[in-house]
Amino acid sequence: MRKPVIAGNWKMNKTVAEALELVKDLRFKLENVSEVEIVVCPPFLAIQPVYQFLKGSNIKVGAQNCYFEKKGAFTGEVSAAMLKEAGCSYVILGHSERRQYFKETNEFINKKIKAVISEGLLAIVCVGETLEEREKNLWQEVIRTQLTGCLKGFTAEEISKMILAYEPVWAIGTGKVASKEQAQEVHKFIRDLVVKLYDKNTAEALRIQYGGSVKPDNVSILMGEPDIDGALVGGAALEAESFMKLVKFERKAK
Ligand code: 13P
């Protein structure tokens, strides 16, 4: 059984004070949840204070990015070791906003994944097609290229330090969620690809999150699909009430 993982990607939202307000509420509201892995990914500056506040709770802390070098003259960058020291146990990598606005390539993301997992952190590796690619029926090709590029050179053992996230670009921040059939089709495609690249056991153990306009009213429908193992949530993770509802989604037998 794969344990569902619900992660909030706060993107560039929340000052330290606002971040602490939010997690104060969350800690209290979610203290009895044990069947779902809960992760919050604040902006860099809020990671340490949020971690200090959540220490000992069932809510883990992640980052939204990191650089692959260990240290040195890389102005403005943050290493995996720094994130670990600050209290992170997850790092989101290859988010479509990083690919789109900061021109991150699969090769670059591959190096970051390596850096993150060699520090003992879990990498949340994002893939997903644009609207144009979906309309031209190119999604399989796009996802295959992203995945093979990002996972290049990793062993099956290393794959177990990763979570994959399917985030169709056309569903991010648009309110246009993928249908459960569309999402399940891609998740199954990804899992089958991992079987081909590695083996059945590795693929069966791997968790694949869906991301893109996940809200309290659609989370249960998506999570009921056999290959959807969690959600990576943007907008709905910014308020305690909606994030709590997401984490406490109604579980249906798969
Ligand atoms: P929204 O939930 O706001 O669509 O964002 C999804 C996302 O990009 C999570 O990483």
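The values are calculated or read from the model by the stated rules, or taken from the named source; none is laboratory data. Just so it is clear, the structure is predicted and the values come from calculations on it, not from any experiment. Note that we place each Cβ from the backbone using ideal geometry, even for glycine, and neighbour counts take in every protein chain shown.
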Members of the range 189-225 found to be assigned to a loop (DSSP other than H, G, I, E, B), of a type outside the set (V, I, T) and under 17 Å from the mean Cα position of the chain (by Cα), listed by number: L206, G212, S213, K215
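Would you confirm, using the coordinates I've provided, whether Q182 is more than 25 Å from V91 (Cβ to Cβ) and modelled with pLDDT of 95 or more?
Yes.
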Number of the exception - M162 against (1) within 16 Å of the ligand (Cβ to nearest atom); (2) among the hydrophobic types (A, V, I, L, M, F, W, C); (3) in contact (Cβ under 8 Å) with a residue 12 or more places away in the chain; (4) over 13 Å from I208 (Cβ atoms): (4)
All positions within the range 106-133 that are within 16 Å of the ligand (Cβ to nearest atom) and either within 24 Å of A171 (Cα to Cα) or free of Cβ contacts under 8 Å to residues at least 40 places away in the same chain (or both): I109, A123, I124, V125, C126, V127, G128, E129, T130, L131
Residue in the range 131-139 that is under 15 Å from the mean Cα position of the chain (by Cα) and farther than 20 Å from Y198 by Cα present: no
Residues located in the range 93-112, provided they are surrounded by 18 or more Cβ atoms within 10 Å (Cβ to Cβ), touching a Lys or Arg at 6+ places or on another chain (Cβ under 9 Å) and either acidic (D, E) or under 17 Å from L232 (Cβ atoms) (or both): L93, G94, H95, E97, E104, I109
Selection within the range 212-228 - within 15 Å of the ligand (Cβ to nearest atom) and among the acidic types (D, E): D217
Matching option when the condition is surrounded by 15 or more Cβ atoms within 10 Å (Cβ to Cβ) and in contact with a helix residue (DSSP H, G or I) (Cβ under 8 Å, 6 or more places away or on another chain), among Y51, Y90: Y51
Residues of the range 5-29 classified as surrounded by fewer than 20 Cβ atoms within 10 Å (Cβ to Cβ), closer than 30 Å to D227 by Cα and more than 15 Å from the ligand (Cβ to nearest atom), total: 2
Long-range neighbours under 8 Å by Cβ, at least six apart or interchain, first residue more than 15 Å from N9 (Cβ to Cβ) within the range 71-100, second away from the ligand (no atom under 16 Å from the Cβ) and polar (S, T, N, Q): K71/S79; A80/S118; A86/Q48; G87/Q48; G87/Q52
Given (1) at pLDDT 95 or above; (2) more than 20 Å from E85 (Cα to Cα); (3) part of a loop (DSSP other than H, G, I, E, B), index of the condition M1 fails: (1)
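State all residues of the range 54-70 that are surrounded by fewer than 18 Cβ atoms within 10 Å (Cβ to Cβ) and without any contact (Cβ under 8 Å) to a residue 40 or more places away in the chain; if no residue qualifies, say none.
At the first step, the residues of the range 54-70 found to be surrounded by fewer than 18 Cβ atoms within 10 Å (Cβ to Cβ) are 55-58, 69-70.
K55, G56, S57, N58, listed by residue number.
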Long-range neighbours under 7 Å by Cβ, at least six apart or interchain, first residue among the β-branched types (V, I, T) within the range 211-237, second near the ligand (Cβ under 6 Å from one of its atoms) and part of a loop (DSSP other than H, G, I, E, B): V233/V214
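Kindly evaluate A237 against the criterion of being touching a Phe, Trp or Tyr at 6+ places or on another chain (Cβ under 7 Å) and within 11 Å of the ligand (Cβ to nearest atom).
The answer is yes for A237.
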Filter result (of a type in the set (D, E, K, R) and under 19 Å from G56 (Cβ atoms)) within the range 1-28: K24, D25, R27
